[in-house]
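**Q** Following this message is one structure expressed as structure tokens.
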Amino acid sequence: MSQKTKELREIAKYNSQQVKYYEKQKKRQKVDASEYLTQMRNPDNVVEFDNLNTYFFTDIGTVHAVDGCSFDIPKGKTVGVVGESGCGKSVTSLSLMRLVSGPTGQIVDGAIRFDDGERVVDIAKLPIKQMQQLRGNKIAMIFQEPMTSMNPVFTIGRQIDEVIKLHNPEMDKKAVKTRSIEMLEMVGIARPEGIYDSYPHQLSGGMRQRAMIAMSLSCDPQLIIADEPTTALDVTIQAQILDLLRDLKDKINTSIMLITHDLGVVAEMADYVVVMYAGRIIEKGTAIDIYENPKHPYTIGLIASRPVLGKEVDRLYSIPGNVPNPIDMPDCCYFRDRCDRPCETCGGEYPDLIQLSDTHFVACHLYNGGEQE
Ligand SMILES: Nc1ncnc2c1ncn2[C@@H]1O[C@H](COP(=O)(O)OP(=O)(O)OP(=O)(O)O)[C@@H](O)[C@H]1O
Ligand SMILES: [Mg+2]
């Protein structure tokens, strides 16, 4: 047996043991409430990610999809999570929903504290049964392609009715329908009665996304997760849906976690921005910190690569190079090989997150005794 095959066998064996261990933890029947009941570090937050580590234990190696991420989602605010494809944005949100694709995908460390309005739980340790009660109830999710999350055989109205009935068992049929129609009106549907009786496939993409948003809001969630909510739509409809989300944000005082690779979208919507690269947070701050004073060369590159209306460019700028292989990350800064301002210390350990102001953090050697500006 070659050395390589032997190594792969060992990795596969080790990883299948890991998976078994975490699955067993999850399947425990009796979990004492003291394991998952907790306190927020700051009661103004609805979510606190605290050193979240989510890995995929595959046969060829371990993917550190989310590798020690910490950030907060304050109540009533929108937090944008940005970064190139594959940097761990979706896995972060799926961890929060406890929907990471198992059994290979597992939350292996850290806490996800969530204030559901009555108590604070650590979602990372919450028994799945209780998690199911939070999903679609206290935490709603808007997906990229609403067709996949709606049931094609029921009318839009019936699907929204069901959500409302589930959360308001005391309401009679008529009141439920009135509420559903109100929800459709709230998301800017001009002919709510007609849409109420339509099936998902009868609607256009934009209309479907509106109906989907109505459905997710009808349970009055504490938090809405929107993962690339407009990517599948054409540009005009995208703008309309963003307007809608912005408008709703003021109306309903819910927090939004907005995931996108489009910094333009985040600029319009977010109060805070988290920039991810290869499973780690490389910069975070208020939207103003990030747009007016970006520090990490990666953030600066992302901002430069976003298309700006009215600005003529021959070719859209994109950051050269690729994200390193997630199974085999270097021991130094993951962005080093693509960076246009590498300094001597960049070959050393992965940089810590350095605090630049009350709100602004960056993980880059340039600001840690490396070359100064
Ligand atoms: N089921 C899986 N098995 C193994 N690796 C996975 C799995 N799902 C995701 N990954 C890996 O986890 C990392 C993070 O993926 P994630 O889907 O969070 O990226 P993303 O930032 O949402 O990207 P995109 O912008 O393309 O949606 C990637 O390296 C990806 O290959
Ligand atoms: Mg994604």
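**Q** Scanning the range 248-267 for residues that are among the hydroxyl-bearing types (Ser, Thr, Tyr) and assigned to a strand (DSSP E or B), which turns out surrounded by the most Cβ atoms within 10 Å (Cβ to Cβ)?
**A** To start, the set of residues in the range 248-267 that are among the hydroxyl-bearing types (Ser, Thr, Tyr) comprises 254-255, 260.
With the extra rule that they be assigned to a strand (DSSP E or B), the set shrinks to 255, 260.
Working: Ser255: 24, Thr260: 22.
Checking each candidate, the answer is Ser255.
**Q** Oh, and also: Please go through the range 102-145 and pick out each residue that is within 16 Å of ligand 2 (Cβ to nearest atom), more than 19 Å from Phe49 (Cα to Cα) and touching a helix residue (DSSP H, G or I) at 6+ places or on another chain (Cβ under 8 Å). If you could, list the steps in order and put the result at the bottom.
**A** Taking the range 102-145 as the starting set, the residues that turn out to be within 16 Å of ligand 2 (Cβ to nearest atom) are 105, 141-145.
Now restrict to residues that are more than 19 Å from Phe49 (Cα to Cα): 142-145.
If the condition is that a residue be within 16 Å of ligand 2 (Cβ to nearest atom), more than 19 Å from Phe49 (Cα to Cα) and touching a helix residue (DSSP H, G or I) at 6+ places or on another chain (Cβ under 8 Å), then Ile142, Phe143 are the ones that fit.
**Q** Is it true that some residue in the range 23-46 is closer than 25 Å to Tyr298 by Cα and within 16 Å of the chain's Cα centre (by Cα)?
**A** no
**Q** Filter the range 268-288 down to residues that are farther than 16 Å from Pro326 by Cα and not in a strand (DSSP E or B) and give me whichever is farthest from ligand 2 (Cβ to nearest atom).
**A** Ile288
**Q** Can you give me the number of residues within the range 270-302 that are over 18 Å from Thr359 (Cα atoms) and touching a helix residue (DSSP H, G or I) at 6+ places or on another chain (Cβ under 6 Å)?
**A** Counting residues in the range 270-302 that are over 18 Å from Thr359 (Cα atoms) and touching a helix residue (DSSP H, G or I) at 6+ places or on another chain (Cβ under 6 Å) gives 2.
**Q** I'd like to check which helices (runs of 4 or more DSSP H) are fully inside the range 151-247 and have at least 1 residues that are under 30 Å from Val46 (Cα atoms).
**A** 156-167, 173-186, 205-217
**Q** Same structure again: Out of all the residues in the range 136-150, which are touching a residue at least 24 places away in the same chain (Cβ under 8 Å) and either part of a loop (DSSP other than H, G, I, E, B) or surrounded by fewer than 18 Cβ atoms within 10 Å (Cβ to Cβ) (or both)?
**A** Across the range 136-150, the qualifying residues are Gly136, Asn137, Lys138, Phe143, Gln144, Glu145, Met147, Ser149, Met150.
**Q** Same structure, new question: For the range 45-94, which positions are closer than 19 Å to Tyr350 by Cα and of a type in the set (A, V, I, L, M)?
**A** Leu52, Val63, Ala65, Val66
**Q** Yes or no: Ile139 of a type in the set (A, V, I, L, M), modelled with pLDDT of 90 or more and in contact with a Ser or Thr (Cβ under 9 Å, 6 or more places away or on another chain)?
**A** It is false that Ile139 is of a type in the set (A, V, I, L, M), modelled with pLDDT of 90 or more and in contact with a Ser or Thr (Cβ under 9 Å, 6 or more places away or on another chain).
**Q** Now a separate question. Which condition from (1) under 30 Å from Lys27 (Cβ atoms); (2) within 16 Å of ligand 2 (Cβ to nearest atom) is the one that Gly80 breaks?
**A** Only one criterion is unmet by Gly80, namely (1).
**Q** Let me ask another. What number goes with the only condition from (1) within 30 Å of Cys332 (Cα to Cα); (2) among the hydrophobic types (A, V, I, L, M, F, W, C); (3) more than 16 Å from ligand 1 (Cβ to nearest atom) that Met269 does not pass?
**A** (1)
**Q** Please identify the pairs in which a residue from the range 80-102 that is over 11 Å from Gly279 (Cα atoms) and polar (S, T, N, Q) has its Cβ atom under 7 Å from the Cβ atom of a residue that is more than 10 Å from ligand 2 (Cβ to nearest atom) and assigned to a loop (DSSP other than H, G, I, E, B), counting only partners at least 6 apart or on another chain.
**A** Between residues of the range 80-102 that are over 11 Å from Gly279 (Cα atoms) and polar (S, T, N, Q) and residues that are more than 10 Å from ligand 2 (Cβ to nearest atom) and assigned to a loop (DSSP other than H, G, I, E, B), there is no close pair.
**Q** What number of residues within the range 171-194 are more than 21 Å from Leu244 (Cβ to Cβ) and acidic (Asp, Glu)?
**A** The qualifying residues number 1.
**Q** So, in the range 83-93, exactly how many residues are surrounded by fewer than 24 Cβ atoms within 10 Å (Cβ to Cβ) and more than 9 Å from ligand 2 (Cβ to nearest atom)?
**A** 1
**Q** Looking at the range 42-95, which of the residues that are in a loop (DSSP other than H, G, I, E, B) and over 16 Å from Pro324 (Cβ atoms) is farthest from ligand 1 (Cβ to nearest atom)?
**A** Kept after step one, since they are in a loop (DSSP other than H, G, I, E, B), are these residues of the range 42-95: 42-44, 59-60, 75-77, 83-88.
Imposing the further condition that a residue be over 16 Å from Pro324 (Cβ atoms) reduces the set to 42-44, 59, 75-77.
Details: Asn42: 26, Pro43: 29, Asp44: 27, Asp59: 10, Lys75: 25, Gly76: 25, Lys77: 21 Å.
Out of the qualifying residues, it is Pro43.
The values are calculated or read from the model by the stated rules, or taken from the named source; none is laboratory data. Computed from a predicted structure; not experimentally measured. Neighbour counts run over all protein chains shown; Cβ positions are idealised from the backbone, glycine included.
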